[in-house]
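Here is the structure we will look at, set down as structure tokens.
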Amino acid sequence: MRWLAFIFVLFCSFQTVAAVKDSTVMTHRLGIDARPGALTQHDDFFRGENALGRPLRVSGSVHVKYSFSFPSSSVIGRLYPTSYQGVGLAAYTFGDHLEIGTPFALYVFQGARLAELGKYLSLDYEWNFGVSMGWHPYDPIVNNGTNPYNSVVGTRVNAYMNAGVLLSWHPTDSWTVSAGLDMSHFSNGDTTFPNTGVNSIGARFCVVRSFAGKKFFHGNRHYGRSKPALWLVDRITWDVIPFGAWNEEVVDFSDKEYHVDGKFAVAGLHINPLCSVAFPWLSVGPSLDIQYNEGMNIQNHIAGVNHATDEIRFYRPSFLEQFAVGLSVRAELQMPVFALNFGVGHNVIYKGKELGGIYSVLTLKTFVSRKCFLNVGLKMSSRECSNNLMLGLGWRIGN
């Protein structure tokens, strides 16, 4: 903990820099978070079927974060006067180092104000998205392994997602103290089994120090409005996103669950027109979702089991049983640099039970230019254990 104390003392000492208030320069922020939480009991491993022989209920983490806000005199600063974005580093513990590990997470994050509650109080939100490393994955005894009970983590590296709602107090322009609710999720998107994931719900306590630029924004309770468009077409953009990934599959046969050897390719395309509504940060629209997953519907083509190796064998399904076209409704939160896109849809062209039902999509777009962005997302089906990543490069067409 000495390095955390050193960082805290360091950013408390910048009195001269913090005194500078210039609307033409960026605001830089250093913060420290403490996030105690409770683990959701969604798997037998957390309920006591582990090497410790007791339930795992508690999680905790410490975060060090750097962020910045655009100058208030800039176009972005006027449209998004309270937004900030940056990078963070966190260390997590779940009370079982030998079986789960003590992972750390490296992530990007963004936050902004939801409402101004008074001269010194505000209600804010913040999301985190990144990677976590240092996990101890499942290692079965049949492979001479040493971690047979861990049915929640199958890889050493997992995705990290987090969201929080905060009540923030701004005693001065340079300091912010926050407390609120916090939710975290760790998983690998079914790229490797097992993958029931690790989820925690708890509290967040933050202290943030701001340097230079404009600090706490007083005034309008909402983000600035964009210039009204004369025609509907001027408010519409089109996102075209090809993507790919891989995943693993588990099938049931003769009242037993089998993990299928090998990886299955995933490829697809999203065509998503979006229309901005009311404020520049919110867009909505439909999406055409095309996807091929060569692991779909293999449950219907099982040839048998090699009992010597306990390996399941199957015939390859037809292309039509692995291909689907769906329609979804999307909403997008557009902020500086990043955009969060969420949608719910249903396949309209498909064959086989595994491609039916409702699916949801959550993606993070990171803009490397005004038109081009990196796309990292997760598609989740109503069918149990049917998730896949969506990694791609997107292009935005339109105004």
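The values are calculated or read from the model by the stated rules, or taken from the named source; none is laboratory data. The structure presented is a predicted model; accordingly, all values stated were derived computationally and were not measured. Cβ placement follows ideal geometry from the backbone for every residue including glycine, while neighbour counts extend to all protein chains displayed. SASA here: full protein model, heavy atoms, side chains in, ligands and nucleic acids out. Shrake-Rupley method; radii C 1.70, N 1.55, O 1.52, S 1.80 Å.
Quick notes on this structure:
- With 0.36 nm allotted per residue and the present C-alpha distance subtracted, the ARG54-VAL207 stretch has 51.6 nm of extension available.
- Relative to the current alpha-carbon distance between VAL337 and THR146, full extension at 0.36 nm per residue lengthens the span by 64.4 nm.
- Test item: Cα-centred dipole of the chain, Lys/Arg +1 and Asp/Glu -1 on Cβ, debye: 2020 debye
- Given in Å, the Rg to one decimal and the Dmax to the nearest whole number for the Cα atoms of the chain are 23.5, 73.
- Exposure of ARG29 as accessible area (Å², to 10), given a probe of 1.4 Å and all protein chains: 40 Å²
- Each residue of the range 171-187 was assigned a 3J(HN,Hα) from its phi angle through the Karplus expression (A = 6.51, B = -1.76, C = 1.60, θ = phi - 60°), giving x, 9, 5, 9, 10, 9, 10, 10, 8, x, 9, 9, 9, 10, 9, 10, 6 Hz with x at Gly and Pro.
- Unit Cα scatterers, Debye sum, the range 239-386: log10 I(q)/I(0) for q = 0.10 Å⁻¹: -0.42
- Highest to lowest packing among 261-270, 62-71, scored as the average C-beta count within 10 Å: 62-71, 261-270
- Remark: the range 253-399 carries 50 Å² of accessible area per residue (probe radius 1.4 Å; ligands, DNA and RNA excluded).
- Over 18 Å [Cα-Cα, the range 271-331], rounded percent: 59 percent
- Nearest-0.05 FRET efficiency for TRP169 and ALA34, computed from C-beta distance (R0 25 Å): 0.95
- Looking at the range 29-88, the accessible area is 42 square angstrom per residue; that uses a 1.4 Å probe and ignores ligands, DNA and RNA.
- Helix 2-12 vs. the chain, principal-axis angle (Cα, 0 to 90°, nearest 10): 30 degrees
- In Å², nearest 10: area of ILE241 left accessible to a 1.4 Å probe: 10 Å²
- The fraction of accessible area contributed by carbon and sulfur in the range 334-399 is 66 percent, rounded to a whole number (1.4 Å probe; ligands and nucleic acids excluded).
- Cβ-Cβ FRET estimate between LEU269 and HIS301, R0 fixed at 41 Å, reported to 0.05: 0.95
- Span from the the range 27-54 Cα centroid across to the the range 329-399 one, whole angstrom: 27 Å
- Counting only DSSP H runs of at least 4 residues, each contributing -39500 (n - 2.57), and dividing by the residue count of the chain, the helix-based mean residue ellipticity at 222 nm comes to -1500 deg cm²/dmol.
- Rg/Rh for the range 38-189 stands at 1.09; both radii use Cα atoms, and Rh follows the Kirkwood definition.
- In the range 112-219, the inverse of the mean reciprocal separation of distinct Cα atoms equals 16.4 Å; this is its Kirkwood hydrodynamic radius.
- With all protein chains in place and ligands, DNA and RNA left out, the 1.4 Å accessible area ranks TRP175, TRP127 as TRP175, TRP127, largest first.
- Counting only heavy atoms of the protein chains and using a 1.4 Å probe, LEU374 has close to 80 Å² of accessible surface.
- Pairs beyond 32 Å (Cα-Cα), from LYS351/LYS371; LYS119/LYS379; LYS119/LYS371; LYS256/LYS365; LYS263/LYS353: LYS351/LYS371; LYS119/LYS379; LYS119/LYS371; LYS256/LYS365
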